[in-house]
Amino acid sequence: MTESTQLIRSSDTRTAAQIAASHLKRRHAAERRFKAIGLSAVVVAMTFLGLLLFTILGNGLSAFTQTYVKLDVTLSPELLGIGEQRTAEALATADYGGVIKDAMYKRFPAAQSRAEKREVAGLISSGADMALRKALAANPELIGTTQTFWLVADDTVDMAIKGYTSRQTGQEGNRLSDKQLGWLAELEADGGVTRRFNSILFSSGDSREPELAGLWGSVVGSVFSLLITLAVSFPLGVATAIYLEEFAPKNKWTDLIEVNINNLAAVPSVVFGLLGLAVFLNFLGMPRSAPLVGGLVLALICLPTIIIAGRAALKAVPPSIREAAAGLGASKLQVVTDHVLPLAMPGILTGTILGMAHALGETAPLLMIGMVAFIVDIPASPLDPSAVLPVQVYLWADSPERAFVERTSAAIIVLLIFLAAMNLGAILLRKKFERRW
Amino acid sequence: MNTANTNGTAKVRSRGLEVFYGEKQALFGVDLDIRSGEVTALIGPSGCGKSTFLRCINRMNDLVDGAKVNGSLTLDGDDIYHREVDVVQLRAKVGMVFQKPNPFPKSIYDNVAYGPRIHGMAADQAELDEIVMTSLEKAGLLGEVKDRLQESGTGLSGGQQQRLCIARAIAVEPEVILMDEPCSALDPIATAKVEELIDELRDNYTIVIVTHSMQQAARVSQRTAFFHLGKLIEMGDTEQIFTNPQQPLTQGYITGRFG
């Protein structure tokens with residue numbers, strides 16, 4: 001009791017250790033506060049990331065399956081309109097749509113009026129004839145027989161089966177008429193409806209019909225674009241980084257160049273798109289919408305990233321290695337190519353892949369050079385018109401059909417998988433080649 | 001000032017050597033002769049210019065931005081800083097061992113073979129093997145590493161790394177070997193081995209060593225030069241410098257009054 005009162009009384013004459021002790025509490029509190037703020041920031045970020053993945057996966061996973069309808073199709077030559085001809089050309093131009101319609105009318109004989117018949121036929125996708133054409137081309141003996149086919153359902157049916165649109169009859173705004181819903185229920189009761197892996201999504205190009213729209217065209221376009229980007233920006237960027245870091249004199253000109261390269265990395269990408277439009281399309285007359293031009297524009301966007309990453313990697317190589325090589329009589333170029341560059345390569349590659357991943361996700365500059373066009377064909381070369389993945393996302397997000405909502409998310413999933421694979425590649429490369437001194 | 005310098009068999013000879021790093025002058029009119037077949041030690045407090053002088057001899061200062069050299073510096077009578085001197089050839093003649101062991105992150109073999117390779121010294125693989133083995137042998141490292149020549153040079157101990165660096169330097173058959181505090185990062189046992197090696201190499205190479213340790217200078221060198229604030233204060237036989245210094249500054253430094 002007396003001791004404590006003494007302490008309080010002598011508070012004016014505390015020792016340094018006592019003052020430090022009283023500060024200690026506040027210092028610990030500040031540290032705890034900082035940790036809590038940091039942790040909550042991480043939690044918030046993770047929550048948003050989780051939310052993003054949850055919504056995208058929730059919306060998009062169903063697009064990886066597609067509804068198919070079972071139908072007994074009579075492949076009569078009369079309906080196919082080929083008569084006695086069995087040539088490949090005749091088979092290619094035969095009226096498979098008519099055959100399918102006929103089969104549907106037979107399946108639902110109750111549909112008699114024109115309007116009803118149109119509704120019956122509307123359950124099957126207008127692109128379902130592809131399956132028949134393929135089957136007959138592979139096996140012409142099937143002509144004249146009746147075969148069971150699983151045919152791609154129309155997107156409205158697909159949406160109803162997946163539960164995105166109402167199957168209650170008599171509701172406002174139903175995409176399927178009450179009769180169609182009835183037929184669909186009948187088909188389903190007979191086991192004539194199934195959901196299979198949506199191979200169309202990964203094998204065909206874009207389409208106005210959601211059930212026929214695929215990503216393959218834009219995947220090929222993206223690959224072509226990125227190959228061109230890599231081929232242009234990697235050698236240019238690495239050479240620039242090496243020159244600036246190892247050879248260029250340090251003066252105000254190189255300072256100016258360095259500042260400008262850093263600024264270029266921050267220029268909005270759409271500006272690069274306008275540059276590409278002006279230089280590659282209008283001045284050099286390159287083809288519109290082509291991955292070649294897209295790749296060149298993306299290379300411009302990538303260059304500053306690669307140069308900055310390359311310089312950082314070169315700077316990280318210890319000067320003692322340069323001295324050791326120079327001391328043995330290696331020329332400047334030998335010092336760089338034999339020692340500095342191999343040691344800096346993991347860093348340069350990591351920077352390059354991150355730059356490429358950035359380029360993979362770019363949309364705005366590609367809109368400027370016309371890569372936003374609706375293109376059905378799969379590009380065969382970088383000179384063919386093509387879409388790329390992010391632009392495909394943009395195009396599908398703009399489409400009114402309900403079925404494009406899930407396909408947009410599916411395209412985003414594919415894009416994210418590509419990005420994750422590239423980043424993983426960067427990490428693995430760094431792990432594999434990283435060296436310590 | 002440096003009366004003991006006038007010797008006819010000087011391998012490296014500097015007259016009025018001045019070095020500037022930008023505005024800052026690091027060396028003031030150094031006149032110094034380095035004789036062949038001897039170990040010359042450069043001593044002095046930090047920042048006295050001894051390393052700068054060393055790095056002039058193989059023009060390592062060229063790598064430093066803004067470094068400027070005036071005066072004359074000759075190797076066998078040829079001006080080292082002549083415009084037509086090829087730095088690559090000069091450095092093949094004047095090898096260097098650095099303060100911190102800096103083997104390349106390559107195999108032990110490749111570390112030693114790199115110099116001979118870039119200078120095209122070996123006609124075939126057998127000849128290159130021969131050079132590598134002889135160099136490792138001369139550096140007293142062969143016995144320790146002969147079973148693991150393909151392992152990384154960075155995996156060796158600090159002392160072994162430094163001897164690997166010496167092997168790497170002598171593989172290109174230099175005439176002069178410059179050593180910039182070669183033992184400052186080593187423990188006493190590794191230091192003793194390197195010092196022993198320096199003594200053995202003396203017969204075939206002209207060695208210039210910068211050291212902070214006066215005991216080391218006394219142990220390994222025949223001649224010693226004392227630098228202070230960019231000036232050469234005194235140069236003479238090692239024994240004389242340590243037992244009977246002529247200059248009060250030298251006296252002060254070696255008796256530990258400053259430094």
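Descriptive notes on the structure:
- The DSSP beta bridges internal to the protein assembly as shown are antiparallel in roughly 70% of cases.
- Net +/- balance of residues flanking B:Ala123 in space, Cβ distance below 14 Å, scoring K and R +1, D and E -1: -3
- Springs join every pair of Cα atoms under 10 Å in this Gaussian network model of chain A, and among A:Thr305, A:Thr169, A:Thr408 the largest mean-square fluctuation is at A:Thr169.
- Our helix-only sum for the protein assembly as shown, with -39,500 (n - 2.57) per DSSP H run of n ≥ 4 divided by its residues, gives a mean residue ellipticity at 222 nm of -16000 deg cm²/dmol.
- Candidate aspartates and glutamates for bridging to B:Lys68, where Cα separation is under 16 Å - those fewer than 8 sequence places away on the same chain excluded: B:Glu18, B:Glu23, B:Asp79
- 10 Å Cβ shell holding at most 16 others, DSSP loop, GluC sites (Glu not before Pro): longest site-free stretch of chain A: A:173-433
- Projected onto their three principal axes, the Cα atoms of segment A:67-197 cover extents of 49, 35, 23 Å, largest first.
- Amide proton proximity set for A:Thr65, modelled H, under 5 Å, gap of 5+: A:Asn198
- Global form of chain B, assessed from the alpha-carbon gyration tensor, a/c cut-off 1.5: prolate
- Shape of chain A, Cα gyration tensor, a/c cut at 1.5: oblate
- Chain A: DSSP helices with Cα axial extent of at least 24 Å and average Kyte-Doolittle hydropathy no lower than 0.5: A:16-60, A:216-242, A:291-316, A:341-360, A:403-433
- Acute angle (nearest 10 degrees) that the helix B:125-138 long axis makes with the longest principal axis of chain B, alpha-carbon atoms: 50 degrees
- Prolate/oblate/rounded label for segment A:369-437 (Cα gyration tensor, a/c 1.5): oblate
- Working from label points 7 Å from Cα in the Cα-to-Cβ sense, the A:Arg288 to B:Glu18 distance is 7.0 nm.
- For chain B, the longest principal axis of the Cα atoms and the long axis of helix B:108-118 meet at an angle of about 70 degrees.
- 20 Å Cα-Cα threshold exceeded, pairs from A:Lys332/B:Lys50; B:Lys106/B:Lys146; A:Lys250/A:Lys315; A:Lys70/A:Lys117: A:Lys332/B:Lys50
- For chain A, built as a Gaussian network whose Cα springs stay under 10 Å, the top-fluctuating residue of A:Met46, A:Met345, A:Met356: A:Met46
- Distant-in-sequence amide H partners of B:Gln25 (H built 1.01 Å from N, under 5 Å): none
- The peptide list A:23-30, B:184-191, B:211-218, B:246-253, put in order of mean Cβ contacts within 10 Å with the highest first, becomes B:211-218, B:246-253, B:184-191, A:23-30.
Quick note: the coordinates plus some simple rules give every number you see, no bench work behind them. Bear in mind that the values here come from a model prediction, so they are computed numbers and not experimental data. In this analysis, Cβ positions are derived from the backbone assuming ideal geometry, glycine residues included, and neighbour counts consider all displayed protein chains.
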